[in-house]
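Peer 1: The structure follows.
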Amino acid sequence: MRGVFDPDTYRARREALARAVPGALLLVPGNAAKAMDFRANQYPFVQDGTFRYFFGLDQPDLAGLIDTETGDAWLFGEATGIDEAVWLGSRPSLGELAARVGVTRCADGAALAATMADAIGRGRQIAWPPPYCAEGMVTLARLTGQSLARIAASANAPGNLALVRAIVGLREIKSAAEIAEMEAALAVTARMHHAAMAATRPGVREHEVVGRFEGIMRAADLHFAYQPIFSGRGEVLHNLRYDRVLAAGELVVNDSGAKSHGGYASDITRTIPVSGRFNALQLRLYETVLRAQQAAIEACRPGVRFVDLHLLAARIMVEDLVDLGLFRGAVDDIVATGAYALCFPCGLGHQIGLDVHDMEALGEDNVGYDGENRRSALFGLRNLRLARPLRRDMTVTVEPGLYFIPELIDMWRGEARHAGLIDYDAFDRLRGFGGIRIEDDVHVTAEGGRVLGPPIARSAHDVEQAMQGDA
Ligand SMILES: [Mn+2]
């Protein structure tokens, strides 16, 4: 079955989870099919990352159960009904599906409900990963007999928190097979980004370019890992509109990635000069961001706190921005006070894996922070998704950027915020500049960060060259 590892992989993962959370019944629901506008018309299915990690399967409406007292695992789901067989075709039996991921016990949803009721009646400790969508909450409320309100607030319940920590500890270390999946997604992503560079020119509408690279992805039978960002208004961090006509002199931010057949995400950003050449100021700022990215990538080693890489990238950019007259005073002060966040108001990156923001559904603080590394209250730094020390074989994105956001400049200027450190007149002159972001997916090794996937044009020169290629 495409995108499914061998059964031993899932068996070993479930056994590791059972060792980490002993004496409990772990309920791991898969995602349900989601209706788009009526029940039979559904969104393309995306499996829950935790279910896929432990139970491997990419079909909707399944649930897994792991008894960490006995080591037993079950797969629950429904057999293909006649209506489904007629309209959608029959699928492998539950037993066949279970066997592919090393599970020997399977039963229908009624049996799951009965198993749960029995366990609750016997006072067993039951834990589940926190749900993030309505269907998941309703399923958990039904199976646990708890109210929707309690289910919605269950993320940090004591039993669930131990489970969440155990899941994070396992999922954040990537095997060679998982990294190969990410590189498979990146092989297609590289072609998408190069096609986008070749198709970008003055007078083209953003969605025309999106359609071009989406076609490459769909022809490879992949789907987006998240809604792509392709915008000449790149200072809007997650701009999801594609309706502008690109004009000469603008920069376009292309932040787009695909999911591999095994469900692993890529997350790549390139910044493209619409006219085909960066102008002098664009080039200067582009190379600033690139230098910060390169330094942070090289420093991605086990034991290094990701927050320190964020601050390293900020420092490198600030040094140049002082030279350019945007900031004044000591670089240390501009970084320590958070004044730099006027043009770098987001974090340096995040973990990536089965989810583009890997495991974010388990709680950003549970994934990116720990007892020693608490979330900052500073504007900008508080958006950092990952702060704690890197571990060997983690995969992270490194995505520094510079953004000139008129609303933010106006607000800070109105408050005279960090007025001694910021030249607001200089920032005013960069209204309309847009944004620059450069993002790669990085494997943390003992020797430093290794950029995953085939090279994707990244130096200003290579981006300009790729714009001359075939669209
Ligand atoms: Mn990202």
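Peer 1: Please verify whether V274 is within 13 Å of the ligand (Cβ to nearest atom) and touching a residue at least 40 places away in the same chain (Cβ under 8 Å), treating the condition exactly as stated.
Peer 2: No, not satisfied.
Peer 1: Just to be sure before I move on: is L326 modelled with pLDDT of 95 or more, among the hydrophobic types (A, V, I, L, M, F, W, C) and in contact with a His (Cβ under 7 Å, 6 or more places away or on another chain) in the structure I sent?
Peer 2: Numbers: modelled with pLDDT of 95 or more: yes; among the hydrophobic types (A, V, I, L, M, F, W, C): yes; in contact with a His (Cβ under 7 Å, 6 or more places away or on another chain): no.
Considered against the rule, which asks whether it is modelled with pLDDT of 95 or more, among the hydrophobic types (A, V, I, L, M, F, W, C) and in contact with a His (Cβ under 7 Å, 6 or more places away or on another chain), L326 comes out as no.
Peer 1: Identify all residues within region 282-293 that are crowded, with 20+ Cβ neighbours inside 10 Å and aliphatic (A, V, I, L, M); write none if there are none. Let's see the steps before the verdict.
Peer 2: Pass one, region 282-293, residues crowded, with 20+ Cβ neighbours inside 10 Å: 282, 285-286, 288-289, 292-293.
Of everything in region 282-293, those that are crowded, with 20+ Cβ neighbours inside 10 Å and aliphatic (A, V, I, L, M) turn out to be L285, V289, A292.
Peer 1: Also, I was wondering about something else. Considering only region 120-131, state which residues are loosely packed, with under 15 Cβ neighbours inside 10 Å and assigned to a loop (DSSP other than H, G, I, E, B).
Peer 2: If the condition is that a residue be loosely packed, with under 15 Cβ neighbours inside 10 Å and assigned to a loop (DSSP other than H, G, I, E, B), then R122, G123, R124 are the ones that fit.
Peer 1: Also, I was wondering about something else. Going by what's in this entry, would A248 be described as more than 30 Å from L324 (Cα to Cα), out of contact with any strand residue (DSSP E or B) (no Cβ under 6 Å at 6 or more places or on another chain) and at pLDDT 95 or above?
Peer 2: No: the conditions fail for A248.
Peer 1: Could you tell me which residue of region 303-323 is surrounded by the most Cβ atoms within 10 Å (Cβ to Cβ), considering only residues that are farther than 19 Å from I334 by Cβ and out of contact with any strand residue (DSSP E or B) (no Cβ under 6 Å at 6 or more places or on another chain)?
Peer 2: Kept after step one, since they are farther than 19 Å from I334 by Cβ, are these residues of region 303-323: 303-306.
Those left that are additionally out of contact with any strand residue (DSSP E or B) (no Cβ under 6 Å at 6 or more places or on another chain): 304, 306.
On the way: V304: 17, F306: 28.
Ranking the qualifying residues of region 303-323, first place goes to F306.
Peer 1: Also, I was wondering about something else. Six or more apart or on different chains, Cβ atoms under 7 Å: show the pairs whose first residue is in region 186-206 and at pLDDT 95 or above and whose second is part of a helix (DSSP H, G or I) and of a type in the set (F, W, Y).
Peer 2: Filtered contacts from region 186-206: M192/F213; A195/F213; A196/F213.
Peer 1: Still on this structure, I have one more. Could you list all residues from region 7-58 that are acidic (D, E) and either assigned to a helix (DSSP H, G or I) or in contact (Cβ under 8 Å) with a residue 24 or more places away in the chain (or both)?
Peer 2: The answer is D8, E15, D48, D58.
Peer 1: Here's another thing I want to ask about it. Return yes when P389 is within 16 Å of the ligand (Cβ to nearest atom) and touching a residue at least 24 places away in the same chain (Cβ under 8 Å) and no when it is not. Spell out how you get there, then give the answer.
Peer 2: On the way: within 16 Å of the ligand (Cβ to nearest atom): no; touching a residue at least 24 places away in the same chain (Cβ under 8 Å): yes.
Answer is no for this residue.
Peer 1: Here's something else I'd like to know. Tell me the strands (runs of 3 or more DSSP E) entirely within region 363-471 that contain at least 2 residues that are more than 17 Å from A292 (Cα to Cα).
Peer 2: Per the criteria, 440-445.
Peer 1: With the structure loaded, tell me whether R413 is surrounded by 14 or more Cβ atoms within 10 Å (Cβ to Cβ) and either touching an Asp or Glu at 6+ places or on another chain (Cβ under 7 Å) or on the phi > 0 side of the Ramachandran plot (or both) or whether it fails that test.
Peer 2: no
Peer 1: Show the residue pairs that are 6+ apart or on different chains and have beta-carbon atoms under 7 Å apart, the first residue being within region 316-341 and closer than 13 Å to L402 by Cα, the second being among the basic types (K, R) and at pLDDT 95 or above.
Peer 2: As it stands, the answer is I316/R291, since those pairs meet every condition given.
Peer 1: Any residue that is under 25 Å from the mean Cα position of the chain (by Cα), in the same structural domain as P228 (by TED's automatic domain parsing) and in a helix (DSSP H, G or I) - is there at least one of those in region 317-336? Please lay out each step first, then the result.
Peer 2: Here is the first cut: in region 317-336, the ones under 25 Å from the mean Cα position of the chain (by Cα) are 317.
After this cut, where a residue has to be in the same structural domain as P228 (by TED's automatic domain parsing) as well, the list is 317.
Adding the requirement that they be in a helix (DSSP H, G or I) leaves 317.
Yes, because at least one residue in region 317-336 is under 25 Å from the mean Cα position of the chain (by Cα), in the same structural domain as P228 (by TED's automatic domain parsing) and in a helix (DSSP H, G or I).
Peer 1: Among L354, L309, which is the only one that is more than 27 Å from A457 (Cβ to Cβ) and either within 20 Å of the chain's Cα centre (by Cα) or part of a loop (DSSP other than H, G, I, E, B) (or both)?
Peer 2: It is L354.
Peer 1: To continue, here is another question. Identify, please: which residue in region 70-94 is of a type in the set (D, E, K, R) and loosely packed, with under 13 Cβ neighbours inside 10 Å and is, among those, nearest to N31 (Cα to Cα)? Before the answer, list the steps.
Peer 2: Keep residues of region 70-94 that are of a type in the set (D, E, K, R), which gives 72, 78, 83-84, 91.
Narrowing the set further to residues that are loosely packed, with under 13 Cβ neighbours inside 10 Å leaves 78, 83.
Details: E78: 14, D83: 21 Å.
Filtering first and then ranking leaves E78.
Peer 1: Quickly run through region 412-434 and pick out the residues that are under 33 Å from the mean Cα position of the chain (by Cα) and of a type in the set (D, E).
Peer 2: Once the filter is applied, which keeps residues that are under 33 Å from the mean Cα position of the chain (by Cα) and of a type in the set (D, E), region 412-434 yields only D428.
Peer 1: Would you pick out the residues in region 234-281 that are buried (at least 18 other Cβ atoms within 10 Å of the Cβ) and of a type in the set (D, E, K, R)?
Peer 2: Within region 234-281, E235, E250, D255, K259, D267, R270 qualify.
Peer 1: Here's something else I'd like to know. Of everything in region 422-443, what is among the β-branched types (V, I, T) and within 16 Å of the ligand (Cβ to nearest atom)? Give them in sequence order.
Peer 2: Within region 422-443, I436, I438, V442 qualify.
Peer 1: Working only within region 349-366, note down all residues that are away from the ligand (no atom under 14 Å from the Cβ) and among the polar types (S, T, N, Q).
Peer 2: Result: N366, single match.
The values are calculated or read from the model by the stated rules, or taken from the named source; none is laboratory data. Here the structure is a predicted model, which means the values were calculated and not measured. A quick note on method: Cβ atoms are made from the backbone with ideal geometry, for glycine too, and the neighbour counts reach across all protein chains shown.
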